[in-house]
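The structure under discussion appears below in the form of structure tokens.
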């Protein structure tokens with residue numbers, strides 16, 4: 001995640017995904033529209049401060065409220081760096097909810113078909129996925 005250490009000054013901002021922890025939902029390099037201060041519920045994807053390194057922003061899926069805060073997990077079970085490592089995230093470290101993602105065009109996407117395919121899927125809303133939340137919680 002980029003935007004390290006900055007406090008949001010507007011209700012919406014842009015952040016960039018770095019790393020594979022939210023794959024396949026989000027990919028490395030995706031741009032995110034973040035609604036700072038928005039309420040979250042299980043299934044939402046959120047931007048938060050890392051509990052052990054608070055100048056680092058991370059993006060994770062909200063799974064459930066637990067004692068001490070929110071339990072958050074990445075969508076990629078093979079990637080580390082979520083509540084399985086650092087526990088529940090205190091509510092004051094939760095910055096905002098991800099509303100949409102923009103997937104930049106790959107340099108190899110030059111043919112008309114490839115460009116049309118990219119244009120169709122480049123911008124998508126990021127919706128609450130309660131089924132993913134339940135699957136992650138069951139692991």
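With both labels modelled 7 Å from their Cα along Cα-to-Cβ, the residue 23 to residue 76 distance reads 0.4 nm.
Restricting to Cα pairs below 8 Å that are 6+ residues apart, what does the relative contact order work out to for region 12-131? Please round to a whole percent. Before the final figure, lay out the partial values.
Numbers: 254 pairs, mean separation 33.6, N = 120.
Once normalised by length, the contact order is 28 percent.
With all pairs of separate Cα atoms included, region 12-131 yields a Kirkwood hydrodynamic radius of 14.9 Å.
Label-to-label distance, residue 36 versus residue 66, with points set 7 angstrom from Cα along the beta-carbon direction: 2.9 nm.
Once the Cα-Cα distance is subtracted from the 0.36 nm per residue extended length, the residue 85 to residue 124 segment shows a gain of 11.1 nm.
Applying 1/(1 + (r/R0)^6) with r as the Cβ-Cβ distance of residue 10 and residue 105 and R0 = 22 angstrom yields a FRET efficiency of 0.25.
FYI, it's all coordinate maths here, none of it is from the lab. This is a predicted model, so every value here is computed, not measured. Methodologically, a virtual Cβ is constructed for each residue, glycine included, from the backbone with ideal geometry; neighbour enumeration extends over all protein chains shown.
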